[in-house]
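Trainee: Okay, handing you the structure first.
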Amino acid sequence: MTIQPVVSPKDMRRFIRFPLVLYRDDPLYVPHLLAERRTFFNPRKNPLFEFTDVRYFLALDGRGRVLGRVSAHVNRRHNEFWNERTGFFGFFECVQDMEPAAGLMQAAEAWLLAQGMDRARGPFNFSTNEECGFLAEGFDRPPAIMMPYTPPYYLDMMERLGYGRLKDLLALEYSYPGQIPERLARMSRRVQEHARVTVRCMDMRRFEEEVRKAFHVYNSAWQRNWGFVPMTEAEFRYMARCLKPVIDPAVALMVEKDGRIVAFSLALPDWNVLLRKMHGRLLPFGWIHALAGRRRISNVRVLTLGVIQEYRRSGIDALLYYKTFENGLPHGYRSCEMGWMLEDNEMIIRPMERMGAAVTKRYRIFEKAL
């Protein structure tokens, strides 16, 4: 068994494709589209690499077959914002064998140490804006769109390698019981009346302008959250362009006060239902599943919901949840996954549970001193 850095386009293709091999017999796994992954990992196309240094590693057996993969990366903006020397690992996938797992993590840690980092934290693929955490609860459920899915043995591997639990992230699910909870409807009417705000759908004809407005809300709304790093406008626009094909404006909502955007939420139809059948490829037949299956999507994931600081605790978050349900029902959406949320975010979690939502998945972030 050997550990080698990714140094060629062929190595990168093997890095990207390894999950398809590892999870080929798992009916719950949902692969990324390979074309999307190639763009995502391309430093010339993804602005995240303007401030992120990264090294990728593969574990190979004696016949050259891939046993595992991992990335080690330094997000310079994170360390400047939090005044830390934190390095990160991500994209960890490995067969159930401690030898390649240990080799991969030792290589990642050595590289991070050489960059002057004093701790390794992860998994982050590459940041809190993408997939993060190892699945710790909810192994019997398929992942929602843009959420990770990993086997239970990763948790044991991390602990045996000296990593400790740092933070858990939660996903809550809500199924439509036949009517929107009256308590939520009543609260929403009261918020709209007292705050004198209006809620509207995103205007896809003015997509770039809408993204610019949402960008300013995003960096204001999340600036005090654990792990948050302000996004650059280029980074935010890149993510928005990637999401545009799967956005349903009925559940992409903006809140205005006197013509100013003070909050927004984005719920995405759970395209994983279809991606699972496409096996990472849009061609030659994946597009058939995409076109034919769109109307069968009945679940959405609330990817992000943010309210600028001066309007926090005004109830606008409840208003956005209500409008997401109200708008989504005519489009066939009957269930919703909300997450991820920080495990200690009681201000959001408790009201959701009182409404009938339940925690169904838990994702774990680990950390180790170097």
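Trainee: Relative contact order for the chain using alpha-carbon pairs under 8 Å, separation at least 6, rounded to a whole percent?
Mentor: On the way: 653 pairs, mean separation 83.9, N = 370.
This gives 23 percent for the chain.
Trainee: Moving to a separate point now. Just flag the trypsin sites (Lys or Arg not before Pro) in the stretch 96-197 sitting in loop per DSSP whose Cβ has no more than 11 other Cβ atoms within 10 Å. Before the final figure, lay out the partial values.
Mentor: Working: sites: ARG119, ARG121, ARG160, ARG165, LYS167, ARG183, ARG186, ARG189, ARG190, ARG196; in loops: ARG196.
Within the stretch 96-197, the qualifying trypsin sites (Lys or Arg not before Pro) (loop, at most 11 other Cβ atoms within 10 Å) are ARG196.
Trainee: Using only the Cα atoms of the stretch 113-194, what are the Rg and Dmax in Å?
Mentor: 19.1, 57
Trainee: Just want to confirm a number: the relative contact order over the stretch 2-167, from Cα pairs under 8 angstrom separated by 6+ residues, in percent. Before the final figure, lay out the partial values.
Mentor: On the way: 244 pairs, mean separation 32.5, N = 166.
It comes to 20 percent, rounded to a whole number.
Trainee: From the backbone phi of the stretch 193-207, what are the Karplus-calculated ³J(HN,Hα) couplings (6.51 cos²θ - 1.76 cosθ + 1.60, θ = phi - 60°) in whole Hz, Gly and Pro given as x?
Mentor: 6, 6, 7, 6, 10, 10, 10, 9, 7, 4, 8, 5, 6, 10, 4
Trainee: Moving on to the next point. Between their Cα atoms, which of LYS244/LYS323; LYS45/LYS323; LYS167/LYS323; LYS213/LYS361; LYS45/LYS368; LYS213/LYS257 are more than 24 Å away from each other? List each step's numbers first, then the result.
Mentor: On the way: LYS244/LYS323 20 Å; LYS45/LYS323 35 Å; LYS167/LYS323 31 Å; LYS213/LYS361 32 Å; LYS45/LYS368 32 Å; LYS213/LYS257 13 Å.
Cα-Cα > 24 Å for LYS45/LYS323; LYS167/LYS323; LYS213/LYS361; LYS45/LYS368; rest within.
Trainee: Less than 12 Å Cβ to Cβ from VAL262, Lys/Arg counted +1 and Asp/Glu -1: what total charge do the surrounding residues give? Walk me through the numbers on the way to the answer.
Mentor: On the way: positive: ARG196, LYS213, LYS257, ARG260, ARG312; negative: GLU256, ASP258, GLU310, ASP317.
With Lys, Arg at +1 and Asp, Glu at -1, the net is +1.
Trainee: A follow-up question, please. Compute the relative contact order of the stretch 177-333 as a whole-number percentage, counting only Cα pairs closer than 8 Å that sit 6 or more residues apart in sequence.
Mentor: On the way: 200 pairs, mean separation 49.6, N = 157.
Value for the stretch 177-333: 32 percent.
Trainee: Which value at 222 nm does the chain reach when only helices count, each DSSP H run of 4 or more adding -39,500 (n - 2.57), with the total divided by all residues and rounded to the nearest 500 deg cm²/dmol? Can you show the working numbers first?
Mentor: Details: 12 runs with 131 residues, N = 370.
The per-residue figure over the chain is -10500 deg cm²/dmol.
Trainee: Pop out the ³J(HN,Hα) list for the stretch 69-79 in order, Karplus 6.51 cos²θ - 1.76 cosθ + 1.60 with θ = phi - 60°, rounded to Hz; leave Gly and Pro as x.
Mentor: 8, 6, 10, 10, 8, 10, 9, 5, 5, 4, 5
Trainee: Taking a quarter of the surface of the convex hull around the Cα atoms of the chain, what do you get in nm²? Show your work: numbers first, answer last.
Mentor: Working: hull surface 73.5 nm².
For the Cα atoms of the chain, the hull's average projected area reads 18.4 nm².
Trainee: If you don't mind, another one. List every residue whose amide H lies under 5 Å from the amide H of ILE145, counting only residues 5 or more places away in sequence or on a different chain, with H placed 1.01 Å from N in the peptide plane.
Mentor: Residues meeting the amide H criterion: TRP271, ASN272.
Trainee: With θ set to phi - 60° and the Karplus curve 6.51 cos²θ - 1.76 cosθ + 1.60, what are the ³J(HN,Hα) couplings of the stretch 38-53 in order, to the nearest whole Hz, using x for Gly and Pro?
Mentor: Along the stretch 38-53, the couplings run 4, 5, 4, 8, 8, x, 7, 10, 9, x, 4, 6, 5, 9, 10, 9 Hz.
Trainee: How large is log10 I(q)/I(0) at q = 0.08, 0.10 Å⁻¹ when the Debye formula is applied to the Cα atoms of the stretch 177-333, each weighted equally and without solvent?
Mentor: Evaluating at q = 0.08, 0.10 Å⁻¹ gives log10 I(q)/I(0) of -0.26, -0.41.
Trainee: Charges at C-beta only: +1 for Lys and Arg, -1 for Asp and Glu. How large is the resulting dipole of the chain about its Cα centre, in Debye rounded to 20?
Mentor: The dipole magnitude comes to about 940 debye.
Read the figures in this text as sums done on the coordinates, not as results from a lab. As the structure is a prediction and not an experimental result, all values here were calculated from the model. Counting neighbours? That spans all protein chains shown, and the Cβs are built from the backbone with ideal geometry, glycine included.
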